[in-house]
Amino acid sequence: MTLDPRALRSAFGSFMTGVTVVTTRNAHGQPVGFTANSFTSVSLDPPLLLVCPGRFLSTHDTFAQCRHFAVNVLAEGQEDVSNTFASYKGDRFARVAHRIDALGNPLIDGALAQFSCTTERAMDAGDHSLLIGRVAAFHHAPGRGLGYAGGKYFSLGLERAALEQSGRGTICGAIIEHGGKVLLEQTPDGFRPPQITLPDRGRLRHDLAEALAARGLPVQVKSAYSIFDIGDMRFTYLLATTEAATTGPLTAIAPEDLPALSYTSPPIADMMTRFALEARTRSFGLYLGDGRRGDVHSPLERT
Ligand SMILES: Cc1cc2nc3c(=O)[nH]c(=O)nc-3n(C[C@H](O)[C@H](O)[C@H](O)COP(=O)(O)O)c2cc1C
């Protein structure tokens with residue numbers, strides 16, 4: 001059986017990981033490094049870790065033959081460092097603050113964890129090599145790591161902080177997709193996504209899914225799409241999908257028709273217009289702000 005390599009790559013990519021930068025020095029003593037999410041801890045005793053440099057790397061042979069290397073686990077907010085070590089073709093280390101460890105490996109400033117290793121083994125493995133390191137020293141700082149899944153960075157902090165802030169009442173709604181259309185509620189004041197009012201936000205996703213199921217609409221709640229405060233109220237809208245056979249009193253609207261509708265409030269109108277735009281590329285940002293002003297965070301900064 002032949003496997004479709006693109007489908008396989010995307011299936012592998014469904015595994016959520018952190019992001020690391022692997023560094024060493026080449027034969028001329030120059031620092032080299034590449035971004036890697038193939039990092040795995042292997043053993044505590046002896047202390048071993050693994051990372052997989054691809055044969056396609058310009059520095060593959062350096063890593064396959066190195067006697068020592070370091071693995072830097074990137075922190076939330078270090079997307080630029082990751083991008084530099086994934087694609088910048090100039091002097092990557094001139095762009096990124098770092099220091100040199102006792103073995104001579106560059107350690108990236110601000111990384112959550114830095115492992116200085118001697119090479120235990122290096123092996124061929126198809127189009128990659130397996131590089132097993134024995135940890136000689138390490139540093140670990142508190143904080144959250146940068147996440148990576150499905151070819152995109154995500155940051156648990158951004159979404160979590162927004163979802164967890166308390167002290168306000170919450171209106172929580174769902175932008176529900178059904179067969180390529182969006183399900184909206186029609187009220188005397190205009191359209192809006194179906195929504196519920198919650199006393200606390202601890203179990204927002206769960207409570208929203210439960211309330212919609214009770215209305216006969218089983219949904220799969222996905223990522224947060226828009227979070228804004230108006231007065232004492234926090235409005236949180238999450239993306240959702242449903243495969244329900246019937247959708248009750250909700251109206252199904254094609255995404256391209258969303259901007260022309262009349263909505264219950266201007267923030268909802270803005271949100272649905274943005275949704276119509278982003279639905280074209282399926283690249284959904286996260287709006288954080290108040291009813292009038294805020295920022296849309298690109299999917300690269302989040303899930
Ligand atoms: C999030 C992320 C994870 C990556 N993981 C790996 C990896 O595990 N192994 C690898 O060889 N390349 C990986 N890459 C690709 C390399 O970082 C990239 O091909 C490399 O930096 C190119 O370096 P070069 O210009 O020196 O060839 C990853 C890239 C990204 C953005």
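The values are calculated or read from the model by the stated rules, or taken from the named source; none is laboratory data. The model shown is predicted, which means the values in this text are computed figures rather than measured ones. Cβ placement follows ideal geometry from the backbone for every residue including glycine, while neighbour counts extend to all protein chains displayed.
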- Output for segment 27-46, where each listed residue is in a loop (DSSP other than H, G, I, E, B) and near the ligand (Cβ under 10 Å from one of its atoms): ASN37, SER38, PHE39
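State which residue is farthest from the ligand (Cβ to nearest atom) when the search covers only segment 47-79 and only residues that are of a type in the set (Asp, Glu) and in contact with a helix residue (DSSP H, G or I) (Cβ under 8 Å, 6 or more places away or on another chain). It would help to see each step written out before you state the result.
Going residue by residue through segment 47-79, those that are of a type in the set (Asp, Glu) are 61, 76, 79.
From what's left, in contact with a helix residue (DSSP H, G or I) (Cβ under 8 Å, 6 or more places away or on another chain): 76, 79.
Values: GLU76: 14, GLU79: 9 Å.
Step by step, filter segment 47-79, then rank; the result is GLU76.
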- Note on the structure: Subset of segment 101-125, residues of a type in the set (A, V, I, L, M) and free of Cβ contacts under 8 Å to residues at least 12 places away in the same chain, comes to MET123
- Pull up segment 270-294, narrow it to residues that are touching a residue at least 12 places away in the same chain (Cβ under 8 Å) and part of a loop (DSSP other than H, G, I, E, B), then point me to the one that is farthest from PHE235 (Cα to Cα). SER283
- Item | Sole exception among (1) buried (at least 21 other Cβ atoms within 10 Å of the Cβ); (2) of a type in the set (A, V, I, L, M); (3) modelled with pLDDT under 85 for ALA174, by number | (3)
- Task: State which residue pairs qualify: first residue under 21 Å from PHE15 (Cα atoms) and touching a residue at least 60 places away in the same chain (Cβ under 8 Å) and inside segment 34-53, second residue more than 6 Å from the ligand (Cβ to nearest atom) and assigned to a loop (DSSP other than H, G, I, E, B) in any location, beta carbons under 8 Å apart, and separation of 6 or more residues or different chains.
- Result: LEU49/PHE39; LEU50/PHE39; VAL51/PHE39
- Is it the case that some residue within segment 55-72 is under 19 Å from the mean Cα position of the chain (by Cα) and not charged (D, E, K, R)? yes
